[in-house]
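The values are calculated or read from the model by the stated rules, or taken from the named source; none is laboratory data. What you see is a predicted model, and the numbers here were worked out from it, not measured in a lab. Quick reminder, even Gly has a Cβ in these numbers, built from the backbone with ideal geometry, and neighbours come from all protein chains shown.
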Amino acid sequence: MPRDPNARIVASDPGKWHAGVGFFHRRQLVGVQFPRWPNEFRAESRQGDACAFVAWSVVTPWSTSPDAVVVEQPLIRDPRRQKGAQADLLPLCDMKGAFFARFHPTTCISVPVTMWKGNRPKDITLPHVMAKLSDTEKNIIFKLGLSKEDVEHVIEAVGVGLWAVARM
């Protein structure tokens, strides 16, 4: 984790066709985004195109590169306990790499999901993350006007960022 309390951090919860993104400066949430690959292109596209598009769609609130990029690392489980196909994890790894390549940060951190949120299920994790935020930070998330499903990805990205700035 960056030791500088003034560090500028990009945190992400990558998905196959999108990413929740949170921006932190001086340990505070200062912005969020939810870039996504358009639905109409999904059937005919290569996953690498989607990853590059999503990563390069992110516009940071700073004029220079962030000090750190922190991305949730996909969890590989025993195939019998995996919810989807294990091959579905590969695009998440591609997305992680696209974020690291996009920003050229001083520090790249890949955080296992169990490290930042433990074994809590999503219905417990999301309220836990929100409880760590100030009202100003909560407003940053909700002014995007995302659907419930999409905002969950943003909140998870914020949780990754909170972990990176030692607020989780």
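Just the residues that are in a loop (DSSP other than H, G, I, E, B) and at pLDDT 75 or above, please, taken from region 46-88. Steps first, answer last, please.
Taking region 46-88 first, the residues in a loop (DSSP other than H, G, I, E, B) are 46, 58-67, 74-85.
Those that are in a loop (DSSP other than H, G, I, E, B) and at pLDDT 75 or above: 58, 59, 60, 61, 62, 63, 64, 65, 66, 67.
I'd like the full set of residues that are over 11 Å from residue 156 (Cβ atoms) and part of a loop (DSSP other than H, G, I, E, B), limited to region 10-29.
Within region 10-29, the subset over 11 Å from residue 156 (Cβ atoms) is 10, 16-18, 23-29.
Within region 10-29, 16, 17, 26, 27 qualify.
Please give the helices (runs of 4 or more DSSP H) falling wholly within region 99-168 in which 3 or more residues are β-branched (Val, Ile, Thr) and out of contact with any His (no Cβ under 6 Å at 6 or more places or on another chain).
On the way: elements: 113-117, 122-131, 135-142, 148-164.
Answer list for region 99-168: 122-131, 135-142, 148-164.
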_Subset of region 104-154 that is polar (S, T, N, Q) and at pLDDT 85 or above - its residue that is surrounded by the most Cβ atoms within 10 Å (Cβ to Cβ)_ = 125
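Yes or no, residue by residue, for (1) in contact (Cβ under 8 Å) with a residue 40 or more places away in the chain; (2) in contact with a helix residue (DSSP H, G or I) (Cβ under 8 Å, 6 or more places away or on another chain):
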{"residue": "96", "(1), (2)": "yes, no"}
{"residue": "118", "(1), (2)": "no, no"}
{"residue": "123", "(1), (2)": "no, no"}
{"residue": "129", "(1), (2)": "no, yes"}
{"residue": "136", "(1), (2)": "no, no"}
{"residue": "141", "(1), (2)": "yes, yes"}
{"residue": "146", "(1), (2)": "yes, yes"}
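Every residue in region 155-166 that is in contact with a Lys or Arg (Cβ under 9 Å, 6 or more places away or on another chain) and crowded, with 17+ Cβ neighbours inside 10 Å, please. Even if it seems obvious, please write down each step before you answer.
The initial filter retains those residues of region 155-166 that are in contact with a Lys or Arg (Cβ under 9 Å, 6 or more places away or on another chain), namely 156, 158-163, 165-166.
Correct list: 156, 158, 159, 160, 161, 162, 163, 165.
How many residues does region 32-45 hold that are modelled with pLDDT under 95 and within 24 Å of residue 65 (Cα to Cα)?
Going through region 32-45, the residues modelled with pLDDT under 95 turn out to be 33-45.
Then keep just the ones that are within 24 Å of residue 65 (Cα to Cα); that gives 33-37.
Of the residues in region 32-45, 5 are modelled with pLDDT under 95 and within 24 Å of residue 65 (Cα to Cα).
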